[in-house]
Amino acid sequence: MATSITRYVREKGEIPLAWAGSTLDMNYLNFGDALSPVMIALLSGKPIRRAPMKSFAPRLSCVGTIGHGFANGEVWFWGTGCSNWANPSAPAAEKKPFVPSAESHFTVTATRGPVSESLLSAKTLSHAVPYGDPVWLLPRFYKPTVKKRYKLGVILHLSELANREMEAVPRKEIARFRIPAELADDIHLITTVTELHVGALQSKIDEILSCERIVSTSLHGMVIAESYGIPCLYFAPSLSKDGLQSVELTPGGDVDLRIVDLYTGLGLPKIDVYNQPRPKPSDWPAIMKAIDQSWSPKSFDGDALINAFPVDLSPISAAPGETIWEHKALTDLKLRHDVGELNRLDRKEFPGGAKAAAARFPDESPKGASKAAARAVADKTVSEPSGEDAALAAGAKLEKKKSSVALLKRIKSTLPPGSVPLAWAASSQKFPYANFGDALSAVMVAAISGRVVRHAAFDSKSERLVAVGTIGHAISNGTVHMWGTGLDAQRCPGSPNPAPYQRPAGTDFHVHAVRGPKTGAVLRAQGIAVPEIYGDPVYLLPKFWPMDHVAKTHEIGVIVHLTELASQDPAATVLDVMTRYGIPPERKGDIRIINTITERDAPSLRAKVEEIVSCRHILSTSLHGLVIAECYGIPSAWFATYGQGEGRELKLDDDEEKVDHRVRDFYLGAGVTRLNAFCLERRAKPEWDKALDWIKATWRPLTYSPQALFEAFPLPKAVEFEATPWPVEPKVLKALKF
């Protein structure tokens, strides 16, 4: 007899699938997570509808370590993984063990491995269901012939990446991914970040298949390598011994629990891994030798996993001359969603909650299926205000907050007297220089307030101002006044790992302005009131430093991002592998590569701005390179890190368009819906003339006025908006400690 999920799918003609998908604030897919709807579509041939994890409706769960995130209704697990923590992204001291609850119903037809089975079924390791990650079935549908280009592919986990660009750029403190120049053609760093379409998933698989060997910190990097028979090793970062070794696969041991789950699901009690601490450079020849010596093919019972598929099977096949990636079942997949809208639609379908859903789709399957429950938290969210209602409620509270004059009085009572506590990404013992975009936060606040600015910690419990930078997601505790701030929607305070932004507890937010509407939307979704006042405070810089005296000395200024530098100091040059920045000898006096790192003083910051203004045209990967160019009226373009050397006009109001989220936020806040970009991969040959011609032909000055941003400044002002230049006492700037 039909199960509830089967009857639901037959009635609806689509499969409700919950997965860790992309949101409107993300301009990328995470490769492994995005393969969840792909695998379901491949086996069912049905349209896929994304369902909330916390819901009253019947729904399916597939790829990913996500089982701990489900609550309420009927959930059918097929090949899913589960964390042993209910809140795995929380700081260690705040983590809570995952414990299934009797208030929700889980039906487990298959799991990734025995660890997940025990967590989701609340039983000891019983092997009552088949084991395996569904992605292991992918070669049955797609097995191309790909030319081997690299001797070794190195797949990074999201947490090891410096950004969410499409090129793998490790965090600057991680040394194990550094590749010597002599091995640059043999070793290839691979990110699991992909563009927002299924073709990008195919390209990522082909990229992995182009490697003779693989080491991977990413779980699904290992799954792809093993399933396609590429010799590989798990790239462990923190075992007690370095190098090649055989490790026991025990929950609670030294190996990542996801890896333990995957390989014990294959019946293996131990596996070979290669341990390399993240702060130490790797011996790449030794790693390749270790793979050759130790790896052997793994066996996987794919038929058992397919037989456990919880809805009607109707596998798709590729049309003649095509691959499965051209099939309508995949090309129609929607991979990015408004999560708030998903929740609203879900509540609308089942307003009566779990009982209404159970009555409409009773489970007629034979008894004996492995059922357990998850935490029932959706009951509370149904009755509480969310989205727009929550923002309005928060707005009413905001009107009762104390005025800026009262804030000034409190600041006057602090030490040193009259100084402004400002949180910004300042220099440190580890990074002893100033990054000019971040440091200009202190300059702008000092210039407008006429007061000494002192640094306040991101997690201070005091009252403080937050201005320039993509730092809003890192701020927690105390009373926070945001003015022109941006944030990363996939970062949370105190967590090094990517996760959708959550409002931190114990933090009182007063938002006066934000960088752009994307930042505003994230904060409003958390019940924080945000006025529709947008702009980056650096745009006001010409009021303070007019720069009329600066002569034009270079045709093109090229402003690089921190992650593109060979070292983190003012004299640093661009990484050798980033060949698009090469300057031929005959253009040396014509093109200027600009490093945004400076010494820790106002004269050095001013000199950096003069360096930018001395250029007739600007190409910039750096957000504040673009902000400086625009506010001083310099023709410019965003230097995108993809493409073959072509100019493009990118649609900022189209969330599928590939644009850096910071850049999108700023320009949308300036009222712009089209972005002027020159697109060229970092490892491509330079295309200076084409870039210059594109800027000349397409750039138009912004019509944005920063006056509303200026008026929203939350402290009494020492300057008038119309005045130029703003008078600032030298001692105020001299006191700044960047």
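Each value in this text was obtained by applying a stated rule to the coordinates, not by laboratory testing. Keep in mind the model is a prediction, meaning the values are calculated, not measured. Positions of Cβ are generated from backbone atoms using ideal geometry, with glycine treated the same way; all protein chains shown enter the neighbour counts.
For the peptides 704-710, 50-56, residues were scored by their other Cβ atoms within 10 Å and the scores averaged per peptide; the highest-first order is 50-56, 704-710.
Below 8 Å, C-alpha to C-alpha, sequence gap of six or more: please give me the relative contact order for segment 133-233 in percent.
On the way: 156 pairs, mean separation 37.5, N = 101.
37 percent.
Dipole magnitude for segment 137-299: about 140 debye, using +1 per Lys or Arg Cβ and -1 per Asp or Glu Cβ, origin at the Cα centre.
In the neighborhood of Val255, defined by Cβ-to-Cβ distances under 13 Å, what is the net charge if each Lys or Arg adds +1 and each Asp or Glu adds -1? Walk me through the intermediate numbers first.
On the way: positive: Lys241, Arg258, Lys270; negative: Glu248, Asp254, Asp256, Asp261, Asp272.
Surrounding charge for Val255 is -2.
Contact order for the chain, expressed relative to its length and based on alpha carbon pairs under 8 Å spaced 6+ residues apart, stands at 13 percent. Could you please state, rounded to a whole Å, how far the C-alpha centre of segment 203-267 is from the C-alpha centre of segment 275-289? Taking the Cα centre of segment 275-289 as reference, the centre of segment 203-267 is 15 Å away.
Return the subset of Lys54/Lys328; Lys298/Lys328; Lys552/Lys588 for which the Cα-Cα distance in this structure is over 22 Å, preserving the input order.
On the way: Lys54/Lys328 29 Å; Lys298/Lys328 32 Å; Lys552/Lys588 15 Å.
Over 22 Å apart, Cα to Cα: Lys54/Lys328; Lys298/Lys328.
In segment 1-93, the ratio of gyration radius to Kirkwood radius, Rg to Rh, stands at 0.98 when only Cα atoms are counted. Under 12 Å from the Cα of Lys543, which aspartates and glutamates turn up, not counting those fewer than eight places away in the same chain? Lys543 reaches Glu720, Glu722.
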